[in-house]
Amino acid sequence: MNQEEALRILKNGHNVYLTGAAGSGKTYLLNTFIRYLKAKGVNVGVTASTGIAATHMGGITIHSWAGIGILRTASDTQIQTIIRNKQIAKRLRKTQTLIIDEVSMLDADRFELLEKVVRLARGSWEPFGGMQVVLCGDFFQLPPVARVNEPLPRFVYKSAIWNNINLKVCYLHEQYRQGDKEFLGILNAIRDATVDERVVNRLHQCRIAAVSKSRRVVKLYSHNPDVDLENERELARLPGKEYEYQMVVAGVPAIAQSLKRGCLAPERLVLKKGATVMFVKNNFEKGYVNGTLGTVRGFNEAGSPIITLLNGREIVADSATWSVEENGKILAQTIQIPLRLAWAITVHKSQGMTLDAAQVDLSKCFEKGMGYVALSRVRSLEGLRVLAFNDLALKVNEETLAFDQELKRSSDKALCELSSLPKQKINQNTTSKTYSVEKIREKHSCAYKKWTADEEASLVSGFRAGKSMVLLGEILGRQVGGIRSRLIRLGLVK
């Protein structure tokens with residue numbers, strides 16, 4: 001399927017899984033679709049599973065968008081806390097199309113939690129509350145990562161929700177990043193699990209390859225310690241005074257430590273004039289997002305670094321705050337300059353990037369697909385230097401290989417049906433009902449019926465006893481939105 005055909009399916013309003021090899025133009029197509037939606041006045045949620053991926057579309061992480069943060073699962077009480085946040089609830093109710101990029105790194109449990117939060121916030125029984133959902137990614141690239149003490153994550157396509165939202169698969173087959181046919185053949189061999197001696201020998205030749213000095217070479221490593229060592233070495237080569245910034249951590253100790261571990265800003269940040277840096281937090285008002293690259297031009301009188309972006313714009317990087325809140329109360333927070341050194345980055349942080357030149361060390365690859373991601377960031381063999389690679393670097397997940405064939409068949413089917421697909425219109429009025437009262441009452445028998453005195457008494461009694469809105473809805477046969485509205489009318493919640 002080409003981009004034009006995929007765009008037609010997207011414009012028809014169907015739920016879509018957009019996929020294809022690295023460099024097939026997935027993010028470009030998403031940006032085109034986003035511009036189309038905005039021109040039509042459609043409220044679109046632009047998100048990705050990682051902060052850097054979100055920057056390619058001017059969006060935020062799906063975790064921030066939905067208010068789930070680092071949660072993998074959540075109790076009814078935790079979900080109610082999330083959707084009681086006015087800003088989040090308003091966002092979820094108004095969104096008509098939700099886009100999630102790099103969905104391969106979103107695990108099944110968090111995807112199911114996300115869907116439940118959205119559905120309950122919208123007071124609907126339909127998957128994702130009836131909004132159009134567009135997922136984008138490539139399961140040959142990096143899989144979801146488990147946090148410490150978490151069970152191994154499942155791919156998002158193993159969730160029950162994946163099959164419930166009736167996804168149209170759009171598998172892009174054109175290539176836009178790599179024009180080098182030889183290099184493209186190597187990448188396809190890795191992707192198809194057909195790596196042979198010829199491919200291995202050609203990559204070995206890249207060990208001694210000389211990358212043009214006119215290109216900005218980014219160094220990619222599999223592990224953070226190697227990245228840190230490289231960045232510290234480059235920093236030490238710069239003359240001039242060092243400026244040190246220490247992270248401030250406060251709040252409930254366990255939550256504060258978890259927040260500190262999840263924060264991309266280092267606990268101790270050391271900068272000099274001329275250092276290559278990357279912003280690690282979104283601040284749309286100041287003009288930077290997580291992943292914005294720049295160089296330290298100097299420091300102001302207050303000691304804050306002045307950053308020159310690649311486009312020439314200058315920004316003062318003042319301290320930023322990361323926090324965890326519950327019921328409007330801050331439980332923990334960290335304060336730090338939102339920067340980290342960026343002469344070198346990890347393969348994980350490079351996903352979604354296009355690089356003119358890269359020096360890649362794959363000798364410590366620990367995940368299938370990691371080598372494919374690292375190598376496919378570069379446009380051609382001329383811009384690639386491979387220092388080393390282990391056996392795992394050239395392998396992909398066998399399960400993904402089988403599922404990919406299924407995706408291709410589904411995409412072929414969607415393409416054949418394209419001419420006869422119903423032209424669903426994206427609802428321009430988020431407050432209107434897109435389904436009949438009779439249809440809703442098939443599942444919620446009391447929907448839109450007047451409240452009796454006995455029902456109100458049961459509602460008040462249950463609410464004061466600490467029962468969640470979800471549980472009260474099940475007891476009284478009402479939707480969560482109806483429960484919430486009645487509690488507001490009775491003056492029990494704001």
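Specify the angular offset, from 0 to 90 degrees and rounded to the nearest 10, of the alpha carbon long axis of helix 480-489 from the longest principal axis of the alpha carbons in the chain.
60 degrees
Using the Cα centre as the reference, give the magnitude of the dipole from point charges on the C-beta atoms of the chain (Lys, Arg: +1; Asp, Glu: -1; all else neutral), rounded to the nearest 20 debye.
My answer is approximately 1640 debye.
Heavy atoms only, probe 1.4 Å: what % of the accessible area of the range 47-199 goes to carbon and sulfur, would you let me know?
49 percent
Taking the Cα centroid of the range 349-404 and of the range 72-93, what is the distance between the two, rounded to the nearest whole Å?
Centre-to-centre distance over Cα atoms comes out at 37 Å.
How large is the accessible surface of V248 in square angstrom, using a 1.4 angstrom probe and rounding to the nearest 10?
80 Å²
Give the angle, between 0 and 90 degrees and rounded to the nearest 10, that separates the Cα long axis of helix 26-39 from the longest principal axis of the Cα atoms of the chain.
The angle comes out at about 40 degrees.
Put E150, E232, E197 in order of accessible area, largest first, 1.4 Å probe: what do you get?
E197, E232, E150
Placing +1 on the Cβ of each Lys and Arg and -1 on the Cβ of each Asp and Glu in the chain, which of I9, V199, Y243 has its Cα farthest towards the positive end of the resulting dipole?
Going by the Cα projections, it comes out as I9.
Using the Cβ atoms and a cut-off under 13 Å, what net charge is assigned to the surroundings of V117, where Lys and Arg are +1 and Asp and Glu are -1?
+4
Per the Kirkwood definition applied to all pairs of different Cα atoms, how many angstroms is the hydrodynamic radius of the range 141-201?
Radius from the Kirkwood sum: 15.3 Å.
Could you give the length gained by full extension between R202 and E474, i.e. 0.36 nm per residue of separation minus their alpha carbon distance, to one decimal place?
91.7 nm
Nearest 10 degrees, 0 to 90: what angle lies between the long axis of helix 224-237 and the longest principal axis of the chain (Cα atoms)?
50 degrees
Sticking with the crude label model, points 7 Å out along Cα→Cβ, report the distance from N166 to E456 in nm, one decimal please.
Output for this residue pair reads 3.9 nm.
Accessible area per residue of the chain at 1.4 Å probe, in Å²?
That works out to 48 Å² for each residue.
Could you work out [θ]222 nm for the chain from helices alone, using -39500 (n - 2.57) per DSSP H run of at least four and dividing by all its residues? Round to the nearest 500 deg cm²/dmol.
Rounded to the nearest 500, the figure is -10000 deg cm²/dmol.
How many nm is it between the label spots at A250 and R464, if each spot is 7 Å from the Cα in line with the beta carbon?
Modelled inter-label distance: 3.8 nm.
Eigenvalues of the Cα gyration tensor times 5, then square-rooted: what semi-axes does that give for the chain, in whole angstrom, largest first?
42, 30, 19
Mind listing the long-range amide H neighbours of Y288? Cut-off is under 5 Å, sequence gap 5 or more, other chains count too, H placed in the peptide plane at 1.01 Å from N.
Those lying under 5 Å, H to H, from Y288 are N283.
May I ask for the Kirkwood hydrodynamic radius of the range 1-102, worked out over all distinct Cα pairs and given in angstroms to one decimal?
Kirkwood radius, the range 1-102: 14.8 Å.
Please report, as a whole percent, how much of the solvent-accessible surface of the range 351-396 comes from carbon and sulfur atoms (probe radius 1.4 Å).
Its accessible area is 42 percent carbon and sulfur atoms.
Restricting to Cα atoms and excluding each atom paired with itself, what does the Kirkwood estimate give for the range 61-114 in Å?
After inverting the mean inverse Cα-Cα distance, the result is 11.8 Å.
In the chain, what percentage of the DSSP-assigned beta bridges are antiparallel, given to the nearest 5?
Expressed as a percentage, antiparallel bridges in the chain total about 50.
Please state the relative contact order of the range 41-181 as a whole percent: Cα pairs under 8 Å, 6+ residues apart?
It rounds to 24 percent for the range 41-181.
Note down the net charge around A358, summing +1 for each Lys or Arg and -1 for each Asp or Glu among other residues with Cβ under 9 Å from its Cβ.
Overall, the nearby charge balance is +2.
Could you please report the charge total around R486, scoring K, R as +1 and D, E as -1 over all other residues with beta-carbon less than 10 angstrom from its beta-carbon?
Net charge around R486: +1.
Once you place label points 7 Å from the Cα toward the Cβ at R8 and E301, how far apart are they in nm?
6.3 nm
The values are calculated or read from the model by the stated rules, or taken from the named source; none is laboratory data. None of these values were measured; they are calculated from a predicted model. No Cβ is skipped: glycine too gets one built from the backbone with ideal geometry, and neighbour counts run over all protein chains shown. Calculation scope for accessible area: heavy atoms of the full protein, side chains included, ligands and nucleic acids excluded. Shrake-Rupley method; radii C 1.70, N 1.55, O 1.52, S 1.80 Å.
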